[in-house]
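Read through the structure below, which is laid out as structure tokens, and then see the notes.
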Amino acid sequence: MTKATVLVAEDDSLIRTIFVEIVKGEGFDVVEADDGQRAFDLVTSRKIDMIISDMKMPAMSGFDLLLAVKKTHPEIPVTVITGFNSEYREEEALAAGADAYITKPFKVADVAEMLRRMYQKVQQQAAVPAKQA
């Protein structure tokens, strides 16, 4: 079976590296983007199974990325990350389609658990036959 691919979209290179290492540690393939537009370009050009995205990024915010992904690829689970005192509230992110919400600072164990939950969701979706038109 092919490993799932997780897109990590985060403009802070240190935080992005931490997320990449967590994703790899959980056994997933990973691709990276340092802004929302690059992340969306990756979603439209290759198979992405799950997304972890910061909310505040240049070129396209994580919130706009979330909206664009849910419009074009609603099956992809998106986890949003934001600072504790962010302008983006959990309720707004979840209402916009986010599958999970993580605040910085975060615990590695919480991120790992979220990845496992999101992967279960991906597997469940794959097991459901596509609806016929």
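Points 7 angstrom from Cα along the Cβ direction at Ser45 and Asp12: gap in nanometres?
If labels sit at Ser45 and Asp12, their model points lie 2.7 nm apart.
Order of Ile18, Ile52 from fewest to most other C-beta atoms within 10 Å?
Ile18, Ile52
So which of Lys47/Lys71; Lys24/Lys107; Lys47/Lys104 end up more than 19 Å apart, counting from Cα to Cα?
Pairs exceeding the cut-off: Lys47/Lys104.
Arrange the following residues from fewest to most other Cβ atoms within 10 Å of their Cβ: Val43, Val108.
Fewest to most other Cβ atoms nearby, the residues stand as Val108, Val43.
Separation between the Glu21 and Glu75 pseudo-spin-labels, each 7 Å from Cα along Cα→Cβ, expressed in nm?
Going by the 7 Å Cα→Cβ label model, 3.4 nm.
So for the chain, taking the charge dipole from beta-carbon charges (+1 Lys/Arg, -1 Asp/Glu), which of Met55, Ile102, Pro74 sits furthest toward the positive end?
Of the listed residues, the answer is Pro74.
Can you put Ile51, Ile102 in order, fewest other beta carbons within 10 Å first?
Ile102, Ile51
Where in the chain is the longest stretch that carries no GluC sites (Glu not before Pro) classed as loop by DSSP and with at most 14 other Cβ atoms within 10 Å?
Numbers: sites that count: Glu75, Glu87.
With a cap of 14 other Cβ atoms within 10 Å, the longest stretch comes to 1-74.
Values quoted throughout were computed directly from the atomic coordinates according to the rules given, and no laboratory measurement underlies them. The shown structure was predicted, so the numbers you read here are calculated from the model rather than taken from an experiment. No Cβ is skipped: glycine too gets one built from the backbone with ideal geometry, and neighbour counts run over all protein chains shown.
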